[in-house]
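Working notes for the structure below.
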Amino acid sequence: MKRPFVEANFAVTVDGKISTRAYAPTGFTSARDKRRLLEIRAGGDALLIGRGTLEADNMAMALPARDLQEMRLREGRTAEPLRVIFSNRGNLRTDLKVFRSRGAPIVIFTTRAMPAAARRKLEKLADVRVEARRRTVDLPAALAVLAHEYGVRDAVCEGGPTLIKALLEQNLLDRLHITFAPLIFGGAAAPTLIGPADCAVLSKSIPLTLESLKVEGSEAFASYRVGSPRPRARAGVVWE
């Protein structure tokens, strides 16, 4: 089944947290890292997000940098990547910034658990794709739909932990970008990349291959290929 190449981009503290125990909106990294986030976002045909992170950060899921929009247009692409939201229950508030902001079209993948009233409202704002046989979104099928029906070749995921964990468990994540921030949040309830520490468990360990590492100021930016090294993978690591 054809699917997009899927990347994920996160900032983590030294103790491995992506947010505080109150799931405060992200924003604890430098202006340099925020620009890097936009550059990675600009490289994708679609931006993926889970409902929890969308609501916690109240994201517009936009590409506000004009120079990056112009770069995409020169490449023959849309000015901004498709905005894609995953929600098992479909209980999305229509007052969220993403639904009130101009930008790329929005696609919502949800299930038969979505209330009928919510579906009627959201269908005026987005392309709603409902999984009729399940109460959890079929991620491989959703990615295949993005590839075949929306022309998505490269997708960038920005959270949250539930979605990233599912992508990892189902072998659907290909590259992981991490910014290591010089902070310690602490707390077992503060989420890691795949959820709170007391439940951040995978069925098996997943190997990563370091592709590049760049240190600027007190932050380090790393990119990893997810999974075991492939026979033709580059031999060395790019250090900057």
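Quick one: Arg120 ticks every box in (1) over 24 Å from Glu219 (Cβ atoms); (2) surrounded by 13 or more Cβ atoms within 10 Å (Cβ to Cβ); (3) not small (Gly, Ala, Ser) except a single one, so which number is it?
Failed condition: (2).
Can you tell me which of Val145, Val152 is at pLDDT 95 or above, surrounded by 20 or more Cβ atoms within 10 Å (Cβ to Cβ) and not polar (S, T, N, Q)? I'd like the intermediate steps shown before the answer.
Values: Val145 fails: surrounded by 20 or more Cβ atoms within 10 Å (Cβ to Cβ).
Only one candidate passes the filter, namely Val152.
Going by what's in this entry, would Pro182 be described as in contact with a Pro (Cβ under 7 Å, 6 or more places away or on another chain) and at negative phi?
Values: in contact with a Pro (Cβ under 7 Å, 6 or more places away or on another chain): no; at negative phi: yes.
No, not satisfied.
Being modelled with pLDDT under 95 and hydroxyl-bearing (Ser, Thr, Tyr), is that true of even one residue in the range 106-125?
Checking the range 106-125: not a single residue is modelled with pLDDT under 95 and hydroxyl-bearing (Ser, Thr, Tyr).
Scan the range 208-223 and tell me whether some residue there is among the aromatic types (Phe, Trp, Tyr) and either at pLDDT below 95 or open to solvent by 30 Å² or more (accessible area, probe 1.4 Å) (or both).
No: the range 208-223 contains no residue that is among the aromatic types (Phe, Trp, Tyr) and either at pLDDT below 95 or open to solvent by 30 Å² or more (accessible area, probe 1.4 Å) (or both).
Can you tell me which residues in the range 194-207 are open to solvent by less than 40 Å² (accessible area, probe 1.4 Å) and either on the phi > 0 side of the Ramachandran plot or modelled with pLDDT of 85 or more (or both)?
Ile194, Gly195
The values are calculated or read from the model by the stated rules, or taken from the named source; none is laboratory data. All of these numbers come straight from a predicted model, not from anything done at the bench. Every residue, glycine as well, gets a Cβ built from its backbone with ideal geometry; the counts of neighbours run over all protein chains shown. These area figures cover heavy atoms from the full protein model, side chains too; ligands, DNA and RNA do not enter into them. Shrake-Rupley method; radii C 1.70, N 1.55, O 1.52, S 1.80 Å.
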